[in-house]
1. Restricting attention to segment 65-76, report how many residues are at negative phi, surrounded by fewer than 18 Cβ atoms within 10 Å (Cβ to Cβ) and either out of contact with any Lys or Arg (no Cβ under 6 Å at 6 or more places or on another chain) or not in a loop (DSSP other than H, G, I, E, B) (or both).
2. Go through segment 221-239 and give me each residue that's in contact (Cβ under 8 Å) with a residue 40 or more places away in the chain and either in a loop (DSSP other than H, G, I, E, B) or in contact with a Cys (Cβ under 7 Å, 6 or more places away or on another chain) (or both).
3. Could you tell me which of the residues Thr86, Thr124 is more than 21 Å from Met162 (Cα to Cα), open to solvent by less than 70 Å² (accessible area, probe 1.4 Å), assigned to a strand (DSSP E or B) and out of contact with any Cys (no Cβ under 7 Å at 6 or more places or on another chain)?
4. For segment 93-117, which residues satisfy the criterion of being open to solvent by 60 Å² or more (accessible area, probe 1.4 Å), under 21 Å from Ser143 (Cα atoms) and under 27 Å from the mean Cα position of the chain (by Cα)?
5. So, restricting to strands (runs of 3 or more DSSP E) that lie completely within segment 240-313, which ones have at least 1 residues that are in contact (Cβ under 8 Å) with a residue 40 or more places away in the chain?
6. What are the residues in segment 320-345 that are on the phi < 0 side of the Ramachandran plot and exposed (fewer than 11 other Cβ atoms within 10 Å of the Cβ), if any?
7. Taking segment 278-290 on its own, how many of its residues are away from the ligand (no atom under 12 Å from the Cβ) and touching a Gly at 6+ places or on another chain (Cβ under 9 Å)?
Amino acid sequence: MLVRKALRAVTAAAALVLLPAPQAHAAPPESGVSCTTGPSFDLAAADGAAGFPDGNTVHMWSYTVDGNAFQLPGPVLCVTEGDVVTVTLRNTLPEPVSLFVPGMTGVTADGSPAQPQFTGGTLTSLVQAAPPGGTVTYRFTASAPGTYLYASGTDPAKQVQMGLYGALIVRPAGHPDRAYGTDASRFNPAAEYISLLSEVDPDLHAAVENGRPYDVTKLHPRYWLINGRSFPDTIAPNGAGWLPSQPYGSLIHIRPKDPVTNPHPALVRYLNAGDRIHPFHPHGNHGRVIGRDAHTLVDGADLSAENFLADIGPGQTWDVTYDWTDVEKWRPGTNPIPVPLPQQQNLVYKDDATWYGGSPYLGVTDGLPVGVTSYNECGEYYQMWHSHALNEAANYEAGFGGMMTLERVDPPGGCS
Ligand SMILES: [Cu+2]
């Protein structure tokens, strides 16, 4: 064993010296969707760990790109309408697992029509599973654009809670700037976001890790995640080095709507892999719901609606566009945001600096009290974007944290 390990290390070192980098991976965008592009995917169901802002580390299962490091959630799979998609799933976990895409029809598993599986008369899997150490290949045609959840269809009350979930995006053929078939669903491709919601009950995860029984009807989530992270980790960039197994941030980074320079809205694709309804809402402006469960609400009759909240139910996906407009018409000089100098009790003194959380002017950075440290880059605005179930704004019941992120609005000209 040791010899084999040493040989492998020597071989790896030689490869490093003699060969160019095996696969040039473009760095992920700092925020927004980070696609693993298909239509063929080699995934492994594997175990690993996720870290949370209170310092806790929890044993997780997830889908990873086979051969890559463990990641939570599974990779964002991106394909185009009409693609014949194949997903080969290699199971490194100790029990059968599968990959199920709710709403996707015509799925085959290892060449046969995918069917629910029964063991002794009991439904054990919604679709053929890969046994421990085994592999199964799913194939389907991505016939309709939209946002799809993928998750284990085997013992889902346990396995989805353990982390076996991810997002699948099907883009309309020829139109990566649309969510669906017509220009009514057009968005700014530079402002496309995933908000994959889930919950973690660390007691269940500890029981699985240690081979102890757990009653899933007693589920008590303590961590509330967006894209596998909880606040404030949610606002860290994609690929943040201190979150090696949680590569996806969820900062919504946009510019104000402008008919010339920024005419198209941001698109946020919500998915709920969890067990609870999460009432999501951005501050500032409402979102417009343009799709539900990979069905358009805007092609043909306009069934879209502007909502204060988007109640994302378990298993659902919602496509929501978002424009930020300055509803109060603030203008430095003519209509400035009234910002009285803060009282001392509203300042924070730390590390020889005075901190002030006010964010007075979009695009203007002056006017802070003397001695206040500003970490604002260019006059950008920050607003809350979170689950309105405020018990979920916590990490193990301690606020502030959990299922919360921020929207960052840069000045109209961008942030240089
Ligand atoms: Cu709020």
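The values are calculated or read from the model by the stated rules, or taken from the named source; none is laboratory data. What you are looking at is a predicted structure, and each value in this text was computed from that prediction instead of being measured. Neighbour counts are summed over all protein chains in view; Cβ atoms, including those assigned to glycine, are modelled from backbone coordinates with ideal geometry. Keep in mind that these areas ignore ligands, DNA and RNA; they rest on the heavy atoms of the full protein, side chains included. Shrake-Rupley method; radii C 1.70, N 1.55, O 1.52, S 1.80 Å.
1. Going residue by residue through segment 65-76, those that are at negative phi are 65-66, 68-76.
In the following step, the residues that additionally are surrounded by fewer than 18 Cβ atoms within 10 Å (Cβ to Cβ) were identified as 65-66, 68-69.
Next, from what is left, pick out any that are either out of contact with any Lys or Arg (no Cβ under 6 Å at 6 or more places or on another chain) or not in a loop (DSSP other than H, G, I, E, B) (or both): 65, 68-69.
Matching residues across segment 65-76 total 3.
2. If the condition is that a residue be in contact (Cβ under 8 Å) with a residue 40 or more places away in the chain and either in a loop (DSSP other than H, G, I, E, B) or in contact with a Cys (Cβ under 7 Å, 6 or more places away or on another chain) (or both), then Pro221, Arg222, Asn227, Gly228, Ser230, Pro232, Pro237, Asn238, Gly239 are the ones that fit.
3. Details: Thr124 fails: more than 21 Å from Met162 (Cα to Cα).
Going through Thr86, Thr124 in turn, the sole match is Thr86.
4. Matches in segment 93-117: Phe100, Gly103, Thr105, Gly106.
5. Details: elements: 252-254, 266-272, 278-282, 287-292, 305-307, 310-312.
Qualifying strands (runs of 3 or more DSSP E): 252-254, 266-272, 278-282, 287-292, 310-312.
6. Val327, Glu328, Thr334, Pro338, Pro340, Gln343, Gln344, Gln345
7. Selection size over segment 278-290: 1.
Per-residue answers, yes or no, for (1) in a loop (DSSP other than H, G, I, E, B); (2) at pLDDT below 95; (3) closer than 22 Å to Gln316 by Cα:
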residue	(1), (2), (3)
Asp42	no, no, no
Gly55	yes, no, no
Tyr63	no, no, yes
Gly133	yes, no, no
